[in-house]
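Worksheet: one structure, shown below.
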Amino acid sequence: MNSKLVATHIVNWLKNYSDASKTNGFVIGISGGIDSAVTSTLCALTGKRVIVLNMPIRQFKNEFDRGNEHINWLKTNFTNVENDTVELTPVLESFEKALPANTQDFLTMANTRARLRMTTLYAFATHHKLLVAGTGNKVEDFGVGFYTKYGDGGVDLSPIADLYKTEVYALAKELGVVNSILTAPPTDGLFADGRTDEDQIGATYPELEWAMAYIENNENYALTQRQTQVMEIYKARNRANKHKMDPIPVCQIPKEFKNN
C-alpha cells in the first residue's frame, strides 16, 4: 500500500464530502487507540474545523492519557484542531440508577457507554454544523461487526472503513502518530477489566484479515488447525453481527393491500 497516496485520497474525499454537505468540518471521539488517532489526523489535514473529544466513562488512566497525548500532538501540528473533555461517568451512573438492576449485564452497559459517546458527538456536531467522523476499519465494520450498533457505529461518514487494521497502522506511521498509540494493544475501552480486542474476539487482527480475504478471494487451499479456528471465529461473528452490517429490514406491504 502506498500510504502517502492513500492519505491524500482520504483527505480529499473528506474535504469534498464536507464541502458538498455544506458543513464546517468534523467531530471525532478520541479513544487513545490507533483508529481514532488516524481518523482525526486525516480530518485535521483537510484544513477544516476539527473538534476532538475525550469522553471518559470510568476510563483507565493510561487510555485517557494516550488520548490526551494524541490531542496535544494534533493541536501542536494543526491550528484548525480544537478539543474538549466531556466526563460521562456521572451520566452513566444516573442512567444506571434509572434502569432496573436486572437489565444491567456486562455487555449491555458496555454498549451503553458507546451510545452515550455517540449522543455526545452528535450534540457537538449539530451545534457546530460538523460531521461525525467514524473510526471503524474494514474488518471491524464489514467483517466481524466489532462495534456497537448506534454507538461507535452511529456516524456520518467512515474515512478508514476500506482499510484493514494493519493498513491503518501503516497509515499511522506515515502520518507520524505518537508512539504510545502505535504500540498500545487495540481495545475498545468499554469493559472494566481492561480486556483487549484480541481477548474479546479470540483472534488477532492480521488473522481476521486473512479470513476475510480468504473468503472474498474465493481461496480454496487447505487450512492449518489455527486457520480453521480463526475461520470459525470469523464466520460466527460475521453471522451474529449481520444485523449491524446489513440495512435495517423494512416490512414491504403488498400493493394490493394498500390499494384495496
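Some observations on this one:
- Scope the stretch 54-75; condition among the hydrophobic types (A, V, I, L, M, F, W, C) and part of a helix (DSSP H, G or I); matching residues: Phe64, Ile71, Trp73, Leu74
- Residue count, the stretch 86-103 (criterion: closer than 16 Å to Pro56 by Cβ and either of a type in the set (A, V, I, L, M) or surrounded by 15 or more Cβ atoms within 10 Å (Cβ to Cβ) (or both)): 5
- Arg66 vs. criteria out of contact with any strand residue (DSSP E or B) (no Cβ under 8 Å at 6 or more places or on another chain), at pLDDT 95 or above and of a type in the set (Lys, Arg): no
- Filtered residue count, the stretch 104-131, keeping only those that are outside any helix (DSSP H, G or I), loosely packed, with under 15 Cβ neighbours inside 10 Å and in contact (Cβ under 8 Å) with a residue 12 or more places away in the chain: 1
- Boolean, Thr183 is closer than 22 Å to Val52 by Cα, surrounded by fewer than 17 Cβ atoms within 10 Å (Cβ to Cβ) and either among the acidic types (Asp, Glu) or modelled with pLDDT of 95 or more (or both): no
- Considering residues of the stretch 110-141 that are touching a helix residue (DSSP H, G or I) at 6+ places or on another chain (Cβ under 8 Å) and among the basic types (Lys, Arg) only, the residue nearest to Gly154 (Cα to Cα): Arg113
- Lone qualifier among Lys129, Lys173 - being closer than 21 Å to Ile51 by Cα and at pLDDT 95 or above: Lys129
- The condition of being under 13 Å from the mean Cα position of the chain (by Cα), assigned to a helix (DSSP H, G or I) and more than 21 Å from Lys75 (Cα to Cα) holds for Glu140.
- Qualifying positions in the stretch 15-29 - within 21 Å of the chain's Cα centre (by Cα) and either buried (at least 24 other Cβ atoms within 10 Å of the Cβ) or at positive phi (or both): Gly25, Phe26, Val27, Ile28, Gly29
- Residue within the stretch 142-159 that is within 19 Å of Val52 (Cβ to Cβ), of a type outside the set (S, T, N, Q), at pLDDT 95 or above and crowded, with 19+ Cβ neighbours inside 10 Å present: yes
- Candidate set: the stretch 98-126, residues that are among the charged types (D, E, K, R) and at pLDDT 95 or above; chosen: the one farthest from Asn68 (Cα to Cα): Arg115
- Here Lys15 fits the description: modelled with pLDDT of 95 or more, farther than 13 Å from Leu175 by Cα, in contact with a Lys or Arg (Cβ under 7 Å, 6 or more places away or on another chain) and not in a strand (DSSP E or B).
- Options Asn68, Asn83, Asn102, Asn72; residue that is in contact with a Ser or Thr (Cβ under 9 Å, 6 or more places away or on another chain) and of a type outside the set (Phe, Trp, Tyr): Asn68
- Residues of the stretch 27-53 classified as touching a residue at least 60 places away in the same chain (Cβ under 8 Å), among the hydrophobic types (A, V, I, L, M, F, W, C), under 19 Å from Ala161 (Cα atoms) and in a strand (DSSP E or B), total: 2
- Helices (runs of 4 or more DSSP H) lying entirely in the stretch 149-248 (those with 1 or more residues that are touching a residue at least 60 places away in the same chain (Cβ under 8 Å)): 165-175, 179-182, 205-216, 225-240, 242-245
The values are calculated or read from the model by the stated rules, or taken from the named source; none is laboratory data. Predicted model, so just to flag it, every value in this text is computed and none were measured. Neighbour counts are summed over all protein chains in view; Cβ atoms, including those assigned to glycine, are modelled from backbone coordinates with ideal geometry.
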